[in-house]
Amino acid sequence: MFTLIRTETFEQDIKKSRFIATAGPVANEEAARRFIADHSDPAANHNCWAWRIGQSYRFNDDGEPSGTAGKPILQAIDGNELDSIAVVVTRWFGGILLGSGGLVRAYGGTAASCLRNAEKTAIIPAYQLTLTCGFSDLALVKSRLLSVEHLVIEAETFTGSGANLRVSVPSSEAQRVARMIQDTTSGRVLLPLPE
């Protein structure tokens, strides 16, 4: 699965109606709602939207005929194998009716074009873990941790005898990293893994 790196937009005119898609990464449902509110234009005729975060999703047709706007936007998200994103497609009506099929193609196509053109990044499942390390092992442990692809040291808090490191460890690498840290420090430092 992938998500977007930043907020992206795409605009097109279809039979005198203007459609603008705005898509961006969101961390949770509250962030998705904020994104939709921030990128909806109250002066437009319709602000249709969809978001997906894992197994949770929502979509809204905002006054368009049922199933002609929000659902095609969600299908564009899923068709691009994206997660943790929200998309708003805003329409200014140009006077020509598009019909149900035309609306589905317009909303879904505008969203899909926006998402296809957007810069993406892989979503890597990770554990958030904390390890305690003495000063004598700290430099070596940090060096070994930073050699692991996609591992991030999120925080370092110093204590009287060393430091606590909060790390984000890719789930697929957690066992290997735990063994590496234990072997490197002869068992003095342990990376506590979830059950």
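The values are calculated or read from the model by the stated rules, or taken from the named source; none is laboratory data. Predicted, not measured: the structure shown is a model, and the values here were computed from it. Positions of Cβ are generated from backbone atoms using ideal geometry, with glycine treated the same way; all protein chains shown enter the neighbour counts. SASA here: full protein model, heavy atoms, side chains in, ligands and nucleic acids out. Shrake-Rupley method; radii C 1.70, N 1.55, O 1.52, S 1.80 Å.
Please specify each residue of segment 179-191 satisfying the condition of being part of a loop (DSSP other than H, G, I, E, B), of a type outside the set (Val, Ile, Thr) and either in contact with a His (Cβ under 9 Å, 6 or more places away or on another chain) or surrounded by 11 or more Cβ atoms within 10 Å (Cβ to Cβ) (or both). Listed by number, the residues that qualify are Arg188, Leu190, Leu191.
Would you point out which residue out of Val152, Val148 is open to solvent by less than 20 Å² (accessible area, probe 1.4 Å) and under 30 Å from the mean Cα position of the chain (by Cα)?
Sole residue among the options that is open to solvent by less than 20 Å² (accessible area, probe 1.4 Å) and under 30 Å from the mean Cα position of the chain (by Cα): Val148.
Among the residues of segment 73-97, the ones that are touching a Leu at 6+ places or on another chain (Cβ under 6 Å) and exposed (fewer than 14 other Cβ atoms within 10 Å of the Cβ) come to 0 in all. Name the single residue that is nearest to Arg52 (Cα to Cα) among those in segment 116-140 being open to solvent by less than 20 Å² (accessible area, probe 1.4 Å) and assigned to a strand (DSSP E or B). In this case the residue turns out to be Leu129.
Got at least one residue in segment 26-48 being assigned to a strand (DSSP E or B), open to solvent by 40 Å² or more (accessible area, probe 1.4 Å) and either among the polar types (S, T, N, Q) or without any contact (Cβ under 8 Å) to a residue 12 or more places away in the chain (or both)? No, every residue in segment 26-48 fails to be assigned to a strand (DSSP E or B), open to solvent by 40 Å² or more (accessible area, probe 1.4 Å) and either among the polar types (S, T, N, Q) or without any contact (Cβ under 8 Å) to a residue 12 or more places away in the chain (or both).
Counting the residues of segment 1-50 that are aliphatic (A, V, I, L, M) and within 15 Å of Asn117 (Cβ to Cβ) gives 5.
Any residue at all in segment 63-72 that's open to solvent by less than 70 Å² (accessible area, probe 1.4 Å), over 24 Å from Ser171 (Cβ atoms) and hydroxyl-bearing (Ser, Thr, Tyr)? Looking for residues that are open to solvent by less than 70 Å² (accessible area, probe 1.4 Å), over 24 Å from Ser171 (Cβ atoms) and hydroxyl-bearing (Ser, Thr, Tyr), one finds at least one in segment 63-72, hence yes. Set side by side, the residues Ser100, Ser113, Ser143 differ, and just one is surrounded by fewer than 18 Cβ atoms within 10 Å (Cβ to Cβ), small (Gly, Ala, Ser) and within 23 Å of Asp183 (Cβ to Cβ), which is Ser143.
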